[in-house]
Amino acid sequence: MPYCPVCGKEVSEEDEFCSKCRTSLKEPWLRPVRRREEKDEKDEKDEKDEKDEKEEKHEDDQAGAITGGLVVVWLGVSFALRNMGYYPWADMGGVFLLGIGVILILRGLWQYSKSGVLDHGFGYLVGGAFVAFLGANIVFDIRNTWAFFVIGLGLIIVLRALMVRGSNPTP
Ligand SMILES: [Zn+2]
């Protein structure tokens, strides 16, 4: 692709005017430039950016697929365990939720470890913690629900503070 000689924006061969700075590209003294080195450099850079983006996207897809797969696997496992008599039907939902919560927490940790930015996985961590808490509540019939709820919330806040501090060390 040629570039506008004035502002450097990419233009097409057919363009009469640069779409950015409106310079006429048909004037003979202002033909779109196509310097070989510049072009190669830019193309390489574009390709690299594209590749990075694809990799990120790919990792996101991968994480989503792994999470979804684990949820399905866990659903099967909790059914199998129930059928083998490890827990009554009443606890089935709780066991399932507990596992989903753990999977979501792992997903959050994975995302955090990939990016090093806690905020990227924080939603999964908090969501996972709540779902796991809900499941544990059903399975273990926790009486002091609110006490455990507050303890869990406090732990999340502490964990977040520790992780944020770890990623931005203060001098
Ligand atoms: Zn221009």
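What follows is calculated from the coordinates using simple rules that are stated; it is not laboratory data. Given the structure is predicted, the values throughout are model-derived calculations rather than measurements. For neighbour counting, all protein chains shown are included, and Cβ atoms are generated from backbone atoms with ideal geometry for every residue, glycine included.
Within the range 1-29, residues that are assigned to a loop (DSSP other than H, G, I, E, B) reach partners that are among the polar types (S, T, N, Q) and near the ligand (Cβ under 7 Å from one of its atoms) with beta carbons closer than 9 Å, at six or more positions or on different chains, in the pairs Cys4/Thr23; Pro5/Thr23; Val6/Thr23; Cys7/Thr23.
Checked against (1) touching a residue at least 12 places away in the same chain (Cβ under 8 Å); (2) closer than 29 Å to Asp61 by Cβ; (3) not aliphatic (A, V, I, L, M), Gly152 meets all criteria but (2).
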